[in-house]
């Protein structure tokens with residue numbers, strides 16, 4: 001449904017997308033995972049024909065995003081990163097407006113947005129600008145769906161909303177996927193990656209890896225250790241002096257240490273810390289998360305640059 005081939009985009013000296021290629025299958029929930037500045041928004045704006053690539057090509061359901069941009073917009077729902085509806089119009093007026101623009105009505109495609117819209121319908125006379133973050137999110141998704149799109153493009157839809165609204169939103173996406181809608185969603189939150197069918201890790205315009213979340217976690221080729229300590233910062237600085245270390249990063253109240261495969265046993269790391277004055281510590285093998293994979297790939301990319 002979505003095919004991206006060697007898309008390159010540059011703003012002055014800054015490379016936003018470095019010959020990115022990927023494909024999204026019909027009915028797939030595909031995630032673009034990466035921090036701010038990774039190039040996610042630039043790619044989505046190119047797919048929505050809002051931005052021209054410097055080189056490369058992209059198609060949406062067989063339609064070229066440059067040559068067939070009008071048809072692309074008719075068959076695609078788009079939810080930009082910033083709330084872009086009309087703040088002075090009410091909830092109902094915004095929805096009616098977008099339905100009218102696409103030559104349809106709320107009633108005709110109500111079944112598509114029913115589960116979402118019912119949650120904000122009690123506030124349908126409230127101005128959109130006065131809604132909470134979670135309610136704005138639901139209204140924006142309803143407006144993106146009201147013309148029955150085949151593809152849904154969502155640019156960081158859960159940024160700035162509370163944890164409960166984030167959970168509800170992903171449950172909505174699962175239901176939309178089950179209805180056969182192809183979804184491309186971007187997020188800076190690594191924990192949301194596991195909710196996608198497949199994900200692409202992007203950093204500074206480079207596509208580092210594409211796989212299912214499980215396959216990506218299982219691809220972690222080094223040893224990962226979880227270290228509990230009462231002195232996160234001091235222990236982290238000390239571990240940086242450990243021979244052959246690949247990386248050490250804080251994950252909440254623990255440290256994740258990456259070392260070459262088979263190079264260390266846990267007792268050797270514990271001994272190193274004890275000899276340097278660290279007490280009340282534990283060192284255990286850990287299973288890699290998407291965030292661990294991302295950090296490892298990012299370090300590899302920096303080393304090769």
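The values are calculated or read from the model by the stated rules, or taken from the named source; none is laboratory data. Since the model is a prediction, treat every value here as computed from it, not as a measurement. In this analysis, Cβ positions are derived from the backbone assuming ideal geometry, glycine residues included, and neighbour counts consider all displayed protein chains.
Do we find that residue 210 is assigned by TED's automatic domain parsing to the domain that holds residue 93, crowded, with 21+ Cβ neighbours inside 10 Å and either in a strand (DSSP E or B) or in contact with a strand residue (DSSP E or B) (Cβ under 9 Å, 6 or more places away or on another chain) (or both) in this structure?
Answer is no for this residue.
Would you check if there is a residue in the range 234-247 being under 24 Å from the mean Cα position of the chain (by Cα) and either buried (at least 16 other Cβ atoms within 10 Å of the Cβ) or outside the structural domain of residue 53 (by TED's automatic domain parsing) (or both)?
Among the residues of the range 234-247, at least one is under 24 Å from the mean Cα position of the chain (by Cα) and either buried (at least 16 other Cβ atoms within 10 Å of the Cβ) or outside the structural domain of residue 53 (by TED's automatic domain parsing) (or both), which makes the answer yes.
Let's see how each residue does on (1) more than 21 Å from the chain's Cα centre (by Cα); (2) in the same structural domain as residue 104 (by TED's automatic domain parsing); (3) surrounded by fewer than 19 Cβ atoms within 10 Å (Cβ to Cβ):
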site	(1), (2), (3)
46	no, yes, no
49	no, yes, no
59	no, yes, no
62	yes, yes, yes
65	yes, yes, no
74	yes, yes, yes
78	no, yes, no
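Assuming residue 248 fulfils every condition listed in (1) part of a loop (DSSP other than H, G, I, E, B); (2) in contact with a helix residue (DSSP H, G or I) (Cβ under 8 Å, 6 or more places away or on another chain) apart from one, which condition is it?
With (1) part of a loop (DSSP other than H, G, I, E, B); (2) in contact with a helix residue (DSSP H, G or I) (Cβ under 8 Å, 6 or more places away or on another chain) applied to residue 248, the lone miss is (1).
Please find, within the range 98-120, the residue that is farthest from the chain's Cα centre (by Cα) out of those that are within 19 Å of residue 87 (Cβ to Cβ) and exposed (fewer than 15 other Cβ atoms within 10 Å of the Cβ).
100
Could you figure out which of (1) farther than 27 Å from residue 209 by Cα; (2) touching a strand residue (DSSP E or B) at 6+ places or on another chain (Cβ under 7 Å); (3) part of a helix (DSSP H, G or I) isn't true of residue 238?
(2)
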